[in-house]
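Right, one structure below, let's go through it.
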Amino acid sequence: MSAFLRYVGGEASLSYAKLYRWSVLHPEEFWPKVWSFSGLIASDLGGGRQWDEVVHGLERMAPPDVKLGPRWFSGARLNFAENLLRYRDDRDAIVAWNENGRQRVISYLELNAEVARVAAAMRAHGIHAGDRVAGFLPNIPEAMIAMLAAASLGAVWSSCSPDFGAQGVLDRFGQIEPRILFCTGRYQYGGKEIDLRARVADVVRQIPAIERVVVIPYGDGQADGTAIPKAVAWNEFVGGADTEETVFERLPFDHPLYILYSSGTTGLPKCMVHGGGGTLLQHLKEHTLHTDVKRDDRVFYFTTCGWMMWNWLVSSLALGATIVLYDGAPFAPSPQSLWDMAERERITVFGTSAKYLAMCEKHELAPGGTHDLSALRTILSTGSPLAMHSFDYVYGSIKRDVHLASISGGTDIVSCFAGGNPIAPVYRGEIQTRALGMAVHVFDENGKPVVEQPGELVCTRPFVSMPVSFWNDPDGSKYRAAYFETYPNVWRHGDWCELTEHDGMIIYGRSDATLNPAGVRIGTAEIYRQVDQLPEVVESVAIGQDIAGDATGDVRIVLFVRLQEGLTLDEPLRARIRHQIRANTSPLHVPKKIIQVQDIPRTISGKISELAVRDVVHGRAVKNTEALANPEALRLFKNLPELSS
């Protein structure tokens, strides 16, 4: 970040605040600076030019259609995979772990060779630019290899993690119709081995567009494609392929690279198409500037192939860093597993979820005292708001001089609206900064920007990683409905948040899940921050229940809690929960009902599904239970006698 300040400011003194203002007021100047600072590889159009026009249609936030704009870096031709595979030496590119420990190490030289073999096999099969290639895969190196091979050809990659049920996979891949599907016959989670073959077979039978299923060996086992139609083993698929240098197809800046999916809890998942150029440029900005990733770093993020943080993590390769993968449950075989890995691998950037840090605290882990974390420089957290007590835990029990960067964005933008700043202070309970180039504001109910007041997170100017389209949305109507209907020409992201006096940000939860008792909007994260501090509570979910017969539309707050094993919710614990909330928030935050449940529904990416709970409580059908990791939990909230009065 300091080097970039000097790069754009020259001899002039330039602060981060000035840099941010310039980046959002003059994006046509800012993004080319990120491009050149990062050394993007692209075709020379003559005279050293790599594009014709930086941006067209900057005044319009509408879907980036040829007629509507905005369009970035017209004339540019590049390849995403070529930029990620620019290094070809014996340094570690990927180190793969699972619940049994370290499994495999792949150098940059070996990674290039593997990608070349798979790309050649895809080309021999007839895969061309624009074809879809999909992965139903654990977090293993072959997922990254297959993605890079597809990207080298200009094919579009999409992936789901193996915890999806067959219908969840069909809801996603059935819409995009991939020609090749990569999978494993099994995977491991929480010490259990789970057979995937029946699920894969079901998917293949119902998506006629799938021509070939490439089965990858998992762990020490064989690539078992028994009973899977159109199956071929990985080694057989790539075995006879020409292994010469990869030919990278250089394509327009907005050529599709990834298809990612919304959670799908309110219907079929939306298929968000992300362009190669915008994804690459945005990720390089976030890795290089906001996270300070360099060639010697070893970067880890606990993720699956079904969460956008996997796509984010892959881009670290463009900087020559080492990616550390973990496949399995975070607390298997022991609660110390990820910290054991961090110590052995000398991880410098440790990415995880707010939930994981809260669970470490619940288990009273103190890795700063039990592990050598001297290499650790940065801890990243996302997935849900990071509570104040988690900031205390990180600095008290993990490392005092670590850079704790809570980050927030989404699948919609395959990146972040707000994140870390390595040269600025960390304030307890706050995301450090709005990300460079992202014109982020908080709007009140009248659509006016406010500071130090909760409101809607919006973005008022175009940015390079907006989706290039939604799949099967030729007129852009689904795209416009998703983001632009609330405020004309302004992206409404759906987060309820606040800009602080430090120009940081606090996220209170999803705005469509905010509570509204007595007409006052309350973010659910405000309640969770307090309840999660009680040692008896593992996790909780809060909803607003409509009050029967109330013509004003008022709601009462109902809090469901999952307790530590063996505990039962009694009146003294209810009183402690209410006191904790009232003493640290306001009387309006205090739930009218507190009910114990054995499980809480979560999406596949691990986020609590407040909307699904609210629908069940009100007797409404949950439209797409396949979007949930544990849909069976919904029955725990149905027809509860405690809520009838």
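The values are calculated or read from the model by the stated rules, or taken from the named source; none is laboratory data. Owing to the predicted nature of the structure, the values given are computational and were not obtained by experimental measurement. Here Cβ is always computed from backbone atoms with ideal geometry, including for glycine, and neighbour counts include all displayed protein chains.
What the table below lists for this structure:
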{"quantity": "Within segment 488-500, tally of residues that are modelled with pLDDT under 95, surrounded by fewer than 19 Cβ atoms within 10 Å (Cβ to Cβ) and farther than 27 Å from residue 256 by Cβ", "calculated": "1"}
{"quantity": "Test: residue in segment 117-131 that is over 28 Å from residue 200 (Cβ atoms) and hydrophobic (A, V, I, L, M, F, W, C)", "calculated": "no"}
{"quantity": "Residues (more than 24 Å from the chain's Cα centre (by Cα) and at pLDDT below 90) located in segment 621-638", "calculated": "621"}
{"quantity": "Count - residues of segment 170-200 that are within 30 Å of residue 473 (Cβ to Cβ), in a loop (DSSP other than H, G, I, E, B) and under 24 Å from the mean Cα position of the chain (by Cα)", "calculated": "2"}
{"quantity": "Pair list, Cβ < 7 Å and 6+ apart or interchain, from segment 192-211 residues that are free of Cβ contacts under 8 Å to residues at least 40 places away in the same chain and surrounded by fewer than 18 Cβ atoms within 10 Å (Cβ to Cβ) to residues that are of a type in the set (Phe, Trp, Tyr) and not in a helix (DSSP H, G or I)", "calculated": "194/187"}
{"quantity": "Output for segment 520-533, where each listed residue is surrounded by fewer than 18 Cβ atoms within 10 Å (Cβ to Cβ) and of a type in the set (A, V, I, L, M)", "calculated": "520"}
{"quantity": "Qualifying residue in segment 592-615 (condition: in a loop (DSSP other than H, G, I, E, B), surrounded by 14 or more Cβ atoms within 10 Å (Cβ to Cβ), on the phi > 0 side of the Ramachandran plot and within 31 Å of the chain's Cα centre (by Cα))", "calculated": "yes"}
{"quantity": "Close pairs (6 angstrom Cβ cut-off, 6 or more residues apart or separate chains): among the acidic types (Asp, Glu) in segment 467-485, surrounded by 19 or more Cβ atoms within 10 Å (Cβ to Cβ) anywhere", "calculated": "473/479"}
{"quantity": "Qualifying residue in segment 56-74 (condition: among the acidic types (Asp, Glu), surrounded by fewer than 15 Cβ atoms within 10 Å (Cβ to Cβ) and touching a strand residue (DSSP E or B) at 6+ places or on another chain (Cβ under 7 Å))", "calculated": "no"}
{"quantity": "Scan of segment 616-639 for residues that are in contact with a Lys or Arg (Cβ under 9 Å, 6 or more places away or on another chain) and surrounded by fewer than 18 Cβ atoms within 10 Å (Cβ to Cβ), ordered by number", "calculated": "619, 620, 630"}
{"quantity": "Among the candidates 203, 273, residue that is in the same structural domain as residue 110 (by TED's automatic domain parsing), in a strand (DSSP E or B) and at pLDDT 85 or above", "calculated": "273"}
{"quantity": "Of all residues in segment 555-568 being crowded, with 18+ Cβ neighbours inside 10 Å and without any contact (Cβ under 8 Å) to a residue 60 or more places away in the chain, the one that is farthest from residue 543 (Cα to Cα)", "calculated": "563"}
{"quantity": "Search result, residues across segment 548-567 that are modelled with pLDDT of 95 or more and over 34 Å from the mean Cα position of the chain (by Cα)", "calculated": "none"}
{"quantity": "Subset of segment 567-602 [of a type in the set (S, T, N, Q) and over 20 Å from residue 637 (Cβ atoms)]", "calculated": "580, 584, 585, 586"}
{"quantity": "Index of the failed condition, residue 167 passing every other in (1) assigned to a helix (DSSP H, G or I); (2) of a type in the set (S, T, N, Q); (3) buried (at least 24 other Cβ atoms within 10 Å of the Cβ)", "calculated": "(3)"}
{"quantity": "Test result for residue 402, under 20 Å from residue 512 (Cα atoms), surrounded by fewer than 24 Cβ atoms within 10 Å (Cβ to Cβ) and either modelled with pLDDT of 95 or more or more than 19 Å from the chain's Cα centre (by Cα) (or both)", "calculated": "no"}
{"quantity": "Residue in segment 57-71 that is modelled with pLDDT of 95 or more and either assigned to a loop (DSSP other than H, G, I, E, B) or under 23 Å from residue 318 (Cβ atoms) (or both) present", "calculated": "no"}
{"quantity": "Enumeration of residues in segment 452-477 that are farther than 22 Å from residue 385 by Cβ and either modelled with pLDDT under 90 or of a type in the set (A, V, I, L, M) (or both)", "calculated": "464, 466, 468, 474, 475, 476, 477"}
{"quantity": "Per-region count, segment 17-41, residues touching a residue at least 24 places away in the same chain (Cβ under 8 Å), touching a helix residue (DSSP H, G or I) at 6+ places or on another chain (Cβ under 8 Å) and among the aromatic types (Phe, Trp, Tyr)", "calculated": "4"}
{"quantity": "Subset of segment 285-327 (residues that are of a type in the set (Gly, Ala, Ser) and either surrounded by 22 or more Cβ atoms within 10 Å (Cβ to Cβ) or part of a helix (DSSP H, G or I) (or both))", "calculated": "306, 315, 316, 318, 321"}
{"quantity": "Checking residue 107 against (1) without any contact (Cβ under 8 Å) to a residue 40 or more places away in the chain; (2) of a type in the set (Ser, Thr, Tyr); (3) buried (at least 20 other Cβ atoms within 10 Å of the Cβ), the condition it does not meet", "calculated": "(3)"}
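This table checks each residue for (1) touching a helix residue (DSSP H, G or I) at 6+ places or on another chain (Cβ under 8 Å); (2) surrounded by 20 or more Cβ atoms within 10 Å (Cβ to Cβ); (3) in contact (Cβ under 8 Å) with a residue 60 or more places away in the chain; (4) not assigned by TED's automatic domain parsing to the domain that holds residue 319.
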| site | (1), (2), (3), (4) |
| --- | --- |
| 363 | no, no, no, yes |
| 372 | yes, no, no, yes |
| 382 | yes, yes, yes, yes |
| 385 | yes, yes, yes, yes |
| 389 | yes, no, yes, yes |
| 394 | yes, yes, no, yes |
| 414 | yes, yes, yes, no |
| 435 | yes, yes, yes, no |
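So that you can scan it fast, the table gives a plain yes or no per residue for (1) assigned to a helix (DSSP H, G or I); (2) within 29 Å of residue 69 (Cα to Cα); (3) in contact with a strand residue (DSSP E or B) (Cβ under 8 Å, 6 or more places away or on another chain):
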residue	(1), (2), (3)
456	no, yes, yes
465	no, yes, yes
479	yes, yes, yes
495	no, yes, yes
528	yes, no, yes
539	no, no, yes
558	no, no, yes
561	no, no, yes
